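Asks: My questions all concern the structure below.
The values are calculated or read from the model by the stated rules, or taken from the named source; none is laboratory data. Everything numeric here is computed off the predicted structure, so don't read it as measured data. Positions of Cβ are backbone-derived with ideal geometry, glycine not excepted, and every protein chain shown enters the neighbour counts. The accessibility values were calculated without ligands, DNA or RNA, using every heavy atom of the protein model including side chains. Shrake-Rupley method; radii C 1.70, N 1.55, O 1.52, S 1.80 Å.
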Amino acid sequence: MERLVERLEKAVERLETVCQGPGMCGEGSSKGVAQYVQAFDALLSGPVAEYIKTSKEVGGDVQKHAEMVHAGLMSERALLVVASQHQQPAENAFSALLKPISEQIQVVQNFREKNRGSKMFNHLSAVSESIPALGWVAMAPKPGPYVKEMTDAAMFYTNRILKEYKDVDKKQVDWVKAYLSIWTELQAYIKEYHTTGLTWSKTGPVATEGAKAAPSAPAGVAPPPPGPPPPPAPVSSSTDDSASRSALFAQINRGEGITSGLRHVSDDMKTHKNPALKNQGGPVRSGPKPFTAPKPACNANPSQTTSPKAPPLLELEGKKWRVENQENATNLVISDTELKQVAYVFKCTNSTLQIKGKINSITLDNCKKLGLVFDDVVGIVEIINSRDVKVQVMGKVPTISINKTDGCHVYLSQSSLDCEIVSAKSSEMNVLIPTEGGDFTEFPVPEQFKTVWNGQKLVTTVTEIAG
């Protein structure tokens, strides 16, 4: 009963917050505010407010990240107000209007990159992978499926959070549910008000670069100071395409008159009838130009052509072994390990690493041509965004996860044959099983699947050509 009363109190608080926003309660307050702006305010006062509240309870980097996300949502609300009061602008003006949103997306993603050592890195990654969903306003004709695609990109990290905290910290589980509900509700919102793209007003002036949103934003968390200006988000060119097609059809409809503007070429201007022209201005090519590799674009600022390489690192930071930016290092060894320690291997190329003893978990991130040999892992070995890596288990490991990786060979030991291998968005994966003679037998991990509807549910099987 106490729990029910508490939930009712929260519902009342939320309704009061909604009523404080512009156009959310009563006809008088909604004057001048479009219905879809009011609906977006409801989303801000509902799922977004719950996400902000839960992030505050988690605290630390998660709370800071949430404030950045909120700032991005407020920038999006400002654009919705502009769209509700103006007609659709030209592409260059629309790009300028999108700039605050794209800037805030970059701020959110940069925060994750600058805090790779954070204990809440999975939380930061889940948000960073899905925050481009704010760019739905530039997508046509399917903004809803775009948001769904971006939400799916966060699932890999939210599943890891749920797995880690499921029976440990309910607050973390609530955070995942609150965050994902934002995008679920946003998809429903888009389906109702912006099915084929951002809805613009049919009346009023055409929106310009300096167009401003008149109504103030609803009550909520104050946005953080703006970050450095990144390049604007990509903009759908459907308007320009339509204009180009219209111009093309207009030309075609001219009939025979379409050739009236062409220049007549007389016989004395034709090289096959006037050989003297061939030697003017160099040799004449016959046939198509052969393929040449594209040259890299010149950088106007020579000082920015190459960024300085980060120094190689192999050190123990708290309970985390950090192995970063190693190149052509063939004798990296971590020997003084403890059960509670983890290893994070980042941007290592053409190197080998051996980890002795028993450790909690190992993560390979953005590595290329890396060889990893380890004894025992009590948790999970994760391979993310890597290429051509080889992993050998000498002892035991319960789970190996391969994600967004091309080329991965996993050598199992006799005691690790019960290991679970989970893969997604990866290719060229092989598992090598030891034989009695000391050799290994190689088995490819399927990459291609077949899904059919059996009348009640979808049934997925490995295709024959995938092994």
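Asks: Which one of these is within 25 Å of the chain's Cα centre (by Cα) and over 26 Å from residue 121 (Cα atoms): 382, 436, 428? So that I can check it myself, show each step before the final result.
Replies: On the way: 382 fails: over 26 Å from residue 121 (Cα atoms); 436 fails: within 25 Å of the chain's Cα centre (by Cα).
Residue meeting the stated conditions: 428.
Asks: A follow-up question, please. For the stretch 431-448, give me each residue that is of a type in the set (Asp, Glu) and part of a strand (DSSP E or B).
Replies: 442
Asks: Right, something else. Kindly check whether there is at least one residue in the stretch 434-443 that is within 24 Å of residue 159 (Cα to Cα) and either touching a strand residue (DSSP E or B) at 6+ places or on another chain (Cβ under 6 Å) or buried (at least 16 other Cβ atoms within 10 Å of the Cβ) (or both).
Replies: No - not one qualifying residue is present in the stretch 434-443.
Asks: Could I ask something else about it? How about the stretch 315-430: which strands (runs of 3 or more DSSP E) wholly inside it have at least 1 residues that are among the basic types (Lys, Arg)?
Replies: Per the criteria, 320-324, 349-359, 368-377, 387-393.
Asks: Out of 153, 140, 188, report the one residue that is open to solvent by less than 30 Å² (accessible area, probe 1.4 Å) and aliphatic (A, V, I, L, M).
Replies: Of 153, 140, 188, the one residue that is open to solvent by less than 30 Å² (accessible area, probe 1.4 Å) and aliphatic (A, V, I, L, M) is 153.
Asks: Tell me which residues, restricted to the stretch 75-128, are farther than 15 Å from residue 209 by Cβ, part of a helix (DSSP H, G or I) and of a type in the set (A, V, I, L, M).
Replies: 80, 81, 105, 107, 108, 124, 126, 127
Asks: Does residue 437 satisfy the condition of being at positive phi and modelled with pLDDT under 95? Spell out how you get there, then give the answer.
Replies: Working: at positive phi: no; modelled with pLDDT under 95: yes.
Taking the combined requirement at face value, the residue does not satisfy it.
Asks: Please enumerate the residues belonging to the stretch 144-187 that are among the β-branched types (Val, Ile, Thr) and touching a Pro at 6+ places or on another chain (Cβ under 6 Å).
Replies: Within the stretch 144-187, just 182 meets the criteria.
For (1) in contact with a strand residue (DSSP E or B) (Cβ under 6 Å, 6 or more places away or on another chain); (2) in the same structural domain as residue 347 (by the TED database); (3) surrounded by fewer than 16 Cβ atoms within 10 Å (Cβ to Cβ), each residue gets a yes or a no:
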{"site": "383", "(1), (2), (3)": "yes, yes, no"}
{"site": "392", "(1), (2), (3)": "yes, yes, no"}
{"site": "408", "(1), (2), (3)": "yes, yes, no"}
{"site": "411", "(1), (2), (3)": "yes, yes, no"}
{"site": "417", "(1), (2), (3)": "no, yes, yes"}
{"site": "427", "(1), (2), (3)": "yes, yes, yes"}
{"site": "432", "(1), (2), (3)": "yes, yes, no"}
{"site": "446", "(1), (2), (3)": "yes, yes, yes"}
{"site": "453", "(1), (2), (3)": "no, yes, yes"}
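Asks: If you take the residues of the stretch 308-332 that are acidic (Asp, Glu) and touching a Pro at 6+ places or on another chain (Cβ under 8 Å), which of them is surrounded by the most Cβ atoms within 10 Å (Cβ to Cβ)?
Replies: 324
Asks: Follow-up question, since we're still on this one. For the subset of the stretch 402-425 comprising residues that are among the charged types (D, E, K, R) and closer than 20 Å to residue 371 by Cβ, which member is farthest from the chain's Cα centre (by Cα)? Steps first, please.
Replies: Keep residues of the stretch 402-425 that are among the charged types (D, E, K, R), which gives 404, 406, 418, 420, 425.
Add one more test, that the residue is closer than 20 Å to residue 371 by Cβ, and what stays is 404, 406.
Numbers: 404: 12, 406: 18 Å.
Within the stretch 402-425, the match that is farthest from the chain's Cα centre (by Cα) is 406.
Asks: Let me ask something additional. Does residue 357 meet the test of being surrounded by 17 or more Cβ atoms within 10 Å (Cβ to Cβ), without any contact (Cβ under 8 Å) to a residue 24 or more places away in the chain and more than 25 Å from residue 154 (Cα to Cα)?
Replies: Here the answer is no, as residue 357 does not meet what is asked.
Asks: Sticking with this one: How many of the residues making up the stretch 41-56 are in contact with a Leu (Cβ under 9 Å, 6 or more places away or on another chain) and surrounded by fewer than 22 Cβ atoms within 10 Å (Cβ to Cβ)?
Replies: Within the stretch 41-56, residues that are in contact with a Leu (Cβ under 9 Å, 6 or more places away or on another chain) and surrounded by fewer than 22 Cβ atoms within 10 Å (Cβ to Cβ) number 2.
Asks: Has the stretch 162-172 got at least one residue that is open to solvent by less than 30 Å² (accessible area, probe 1.4 Å), farther than 20 Å from residue 94 by Cα and at pLDDT 90 or above?
Replies: yes
Asks: Something else now. For residue 116, work out the one condition from (1) surrounded by fewer than 17 Cβ atoms within 10 Å (Cβ to Cβ); (2) under 25 Å from residue 364 (Cα atoms); (3) in contact with a His (Cβ under 8 Å, 6 or more places away or on another chain) it doesn't fulfil.
Replies: The single condition residue 116 does not satisfy is (3).
Asks: Would you mind finding the one in 347, 368 that is without any contact (Cβ under 8 Å) to a residue 24 or more places away in the chain, open to solvent by 10 Å² or more (accessible area, probe 1.4 Å) and under 30 Å from the mean Cα position of the chain (by Cα)?
Replies: 368
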